[in-house]
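Here's the structure, in structure tokens; my notes come after.
Throughout, read-outs are computed from the coordinates displayed, never taken from laboratory work. Nothing here was measured: the structure is a model prediction, and the numbers come from that model. Cβ placement follows ideal geometry from the backbone for every residue including glycine, while neighbour counts extend to all protein chains displayed.
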Amino acid sequence: MGLKSVVIAVDGSEESMSALRWAIHNLVNDREEGPAFVVLHVQPPASIVTGLNPGAIPFGGPSHVEVPAFTEAIQAHLKRISDAIIGHASKICSENKVKNVKMEVIVGEPKEVICEYVDKVHADLLVMGSRAYGPIKKCIAVIEAGKCDCITYRFTFSVVIALVSS
């Protein structure tokens, strides 16, 4: 097959878990050892969780006050979510008898962290799911029209976007 390392980005959505299943079913061969899989979840930092920060102190108080207990509670909650996502991905891998798999959780902005991670580990392929919204939906329309350069020009590695058929 030629692939040595595959990164599968998961965010807990059914689309990302379907992408993981796609990678397992299409890249793992019973007759030979498949590529090393890295299941990557990017946990957002507590600072970008919107709508949860306490507001500014009125009447001339500081406009940005860090509330340590509040931040710690958000971080603990995000870690529980990440643990559940990785646990679910791990269960999918074990049910499908994937042996060569590593689970990674990195805190950061997903679109930056995923690309940086794939470059850092020199992965041969990135697999991710999509709900086909926004830019991905436009790219899919372009691909279906036969003009397929919209995805590849942004990446220095191969990308598979596994769509869930409805």
Taking H placed 1.01 Å from N in the peptide plane, check which residues at least 5 places from residue 160 or on another chain put their amide H under 5 Å from its amide H. 126, 127, 128
Region 74-136: radius of gyration over Cα atoms, expressed as a fraction of 2.2 N^0.38 Å: 1.29
So how far apart, in nm, are the two label points at residue 120 and residue 163 if each is 7 Å from Cα heading toward Cβ? 3.2
I need the peptides 68-74, 14-20 ranked by packing, meaning the mean over residues of other C-beta atoms within 10 angstrom, with the highest value on top. 14-20, 68-74
Extension gain (nm, one decimal) between residue 109 and residue 84, 0.36 nm per residue minus Cα-Cα: 7.1 nm
Separation between the residue 97 and residue 76 pseudo-spin-labels, each 7 Å from Cα along Cα→Cβ, expressed in nm? 4.2
